[in-house]
1. Considering (1) crowded, with 22+ Cβ neighbours inside 10 Å; (2) farther than 22 Å from residue C:214 by Cα, say which one residue A:257 fails and leave the rest.
2. Give me the pairs, please: first residue somewhere in segment B:244-257 and at positive phi, second residue anywhere and buried (at least 16 other Cβ atoms within 10 Å of the Cβ) and outside any strand (DSSP E or B), beta-carbon distance under 6 Å, and either six or more positions apart or on two chains.
3. Are any residues in segment B:150-172 part of a helix (DSSP H, G or I) and either within 12 Å of chain C (Cβ to nearest Cβ) or modelled with pLDDT of 95 or more (or both), and if so, which ones?
4. Got at least one residue in segment A:204-223 being surrounded by 24 or more Cβ atoms within 10 Å (Cβ to Cβ), within 29 Å of residue A:158 (Cβ to Cβ), within 11 Å of chain C (Cβ to nearest Cβ) and modelled with pLDDT of 90 or more?
5. Step by step: first the residues of segment C:184-214, then only those that are farther than 30 Å from residue A:2 by Cα and not in a helix (DSSP H, G or I), then the one that is nearest to the other protein chains (Cβ to nearest Cβ). Which residue is that?
6. Among the residues of segment A:97-126 satisfying the criterion of being free of Cβ contacts under 8 Å to residues at least 40 places away in the same chain, in a helix (DSSP H, G or I) and more than 8 Å from chain C (Cβ to nearest Cβ), which is surrounded by the fewest Cβ atoms within 10 Å (Cβ to Cβ)?
7. What helices (runs of 4 or more DSSP H) lie completely within segment A:1-67 and have 3 or more residues being closer than 30 Å to residue C:180 by Cα?
8. For segment B:243-251, check the following and say yes or no: at least one residue is in contact with a helix residue (DSSP H, G or I) (Cβ under 9 Å, 6 or more places away or on another chain) and either assigned to a loop (DSSP other than H, G, I, E, B) or at pLDDT 90 or above (or both).
């Protein structure tokens, strides 16, 4: 196609392997290796141990995992509901452009600024939320709604609107068309929006670090606290917990999506 | 010989995904100035053969020679072959003139020569007024002319055309067929390999036709010969849609459904009688049968008839439109003139 | 008769749906208005008294310059690396190329601070390479951002390259063009919209990046988002943080708008 000779291909592939492994893959592998290393003073980690992982799964750190999961589910799933609603309701109306712009706002603005805004706005009347877990949930909701909206809006553009028209012409009420035609057809996109929301929420740090109260520390905040105290290995172990949890959640949601797509 | 393929075999896939054989033991040679059509249904390996010549696929086995030099291991850029693919693959971001100039610039020709040659090529295909247009602003036929001009600009000894008319509608296809015939006269020394699934294109353009099926070469011969006396049942039906009727020897002659065909000599190993639809005549004293369907085709009617005593076989007959068509279901009599009949071996599989 | 009646009801229900439909879009928009727009307006209002002091400060100017420097360098790096990786996956495919492409997709959903965390082990004072000084330099941030954001460039590129007809590359080669020429004159011009889209998204995200800078925590690499955090959370200087937030919003949204306009214009011309 592009490179025709065997030697040319070999050179390109070696270069690819080096760049991909060193630049893209290595950092993630290093974190995983460090999680299980007692020390790392040379090329390779040494003194394999599960102590860090045990530490990362006990006491405060375990509580963080639970906080992160709750936040991701509340914030992420609410975000999917509102994102889907927003995308479906705005599609094809005169509000579409406004909705598009508003929903892109939280992505275009740094998450730290989103956090600062919530802090400024909800530390005063009429809505006092500062110091509660709800301000964290809201921060996650706001950030993830943008991604959910984008995913569903993109899927809507690919779906032929005549399905809904045909259903309506067969005498189905708008509610019936929504529940039995439009939503089922969007289910794969909604499931993938949910996966993305949960994954991004699990790793969110910018807005969270601005608004979290001491009683509601998410995993990334704990990981940062650990690195700040110089406990890099435990931090790595906790990062692995975060990674593993995220992957499991996303895989489950992916399964659901697969099932939805089969129907 | 300008192009030579020897025992060229192409396998795709690997141990895990399963191998598919796209071309098996393919031999072909094309002389300078000759047009050879590779004719076959989709999946017959004709496009793979062309891609092997161009260098787009690497043969698993076999050699490819250009003007006597082995080019099997050369990348396409070093072969200097002109290629026109099905959807033309004009570069969408380059103007017509730049598309034609692409190969010349790749060969580092001087600016003056590029300009001269591009003008010459566009003149030849009648696209001079469109030099500043982008491909998307052209019709299908115009795009094809540009693709041909681009391929010929590098003065290749061989031009490969892969289904060049497949993307066009019927009327345009007929026009472009004429253009291609004219083009052939403009470049008399080039060897042309023309891949198509359409027998009328092959008959109109090719000096020789190579009929392909299931990754293999079935028959190759001058077009007229192949049409008049097809060597195989597949070629007979694919090229010209011949009727094939089982025959049994009877003394020197042959019988179809117990009916002796006067004048046709039996040949051992050839159990099928081949006759073209237009050669069958409706006249008394022939093969008895029944009319089961009739399609009006403008200048003619195509009748589909059964033969008494034969199941699973029908005969198609082209009758000029001014002749009266019998009623559906009517008994008819089909005369098979001996000069239009030939015998071919039955399918071996 | 029945058919006419049917089509008549279809038209009526269509019109009715169109009329009331936009009302349904209001609740989610209201949510965004309360949770995003209202807070941002307050941030702007809060910032007013502190403008002079912050804008004058060297701290702010340094952070602004650093932010732009890091974002631009990272984006260039991502474009180079991402283009190379995408070209190989698309046009010099190898067994497992699709797995790699899938891996790239997964990485988009991972948190960026993982990369920074790994750098502690790779470039830290006791790590693999023991390049202690590197870890506290802006180049560590750039390298981390290149690592993390390269997939953001690759994704649109892979999509665009999968739509590029293979026959064009074949024909270009048959006309005598070597790989380099085909890449420069055929592939890159044709995927330019994707390149611009991926590059501008990356520029926006690297301008806004916080996790990597926070975790590397180097003194010399204070960026604007970092400064918002320091002023707001560590120093409790809300008005000061708000000023920087406003500048950052202006920078991000301004850039976003310019790029969208530029992209929109290009797309219109291409169609």
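1. Only one criterion is unmet by residue A:257, namely (1).
2. Within 6 Å, the pairs are B:257/B:310.
3. Let us first name the residues in segment B:150-172 that are part of a helix (DSSP H, G or I), namely B:150-153, B:170-172.
The answer is B:150, B:151, B:152, B:153.
4. Looking through segment A:204-223, at least one residue is surrounded by 24 or more Cβ atoms within 10 Å (Cβ to Cβ), within 29 Å of residue A:158 (Cβ to Cβ), within 11 Å of chain C (Cβ to nearest Cβ) and modelled with pLDDT of 90 or more.
5. Step one: of segment C:184-214, the residues farther than 30 Å from residue A:2 by Cα are C:204-214.
So of that shortlist, the ones also not in a helix (DSSP H, G or I) come out as C:209-210.
Numbers: C:209: 8, C:210: 4 Å.
The extreme case among them is C:210.
6. A:97
7. Details: elements: A:6-19, A:26-35, A:51-56.
Of the helices (runs of 4 or more DSSP H) lying wholly inside segment A:1-67, those with at least 3 residues that are closer than 30 Å to residue C:180 by Cα span A:6-19.
8. First, pick out the residues of segment B:243-251 that are in contact with a helix residue (DSSP H, G or I) (Cβ under 9 Å, 6 or more places away or on another chain): B:243-244.
Then drop every residue that is not either assigned to a loop (DSSP other than H, G, I, E, B) or at pLDDT 90 or above (or both), which leaves B:243-244.
Within segment B:243-251, one or more residues are in contact with a helix residue (DSSP H, G or I) (Cβ under 9 Å, 6 or more places away or on another chain) and either assigned to a loop (DSSP other than H, G, I, E, B) or at pLDDT 90 or above (or both).
The values are calculated or read from the model by the stated rules, or taken from the named source; none is laboratory data. These figures come from a predicted structure and were not determined experimentally. Backbone-built Cβ (ideal geometry, glycine too); neighbour counts: all protein chains shown.
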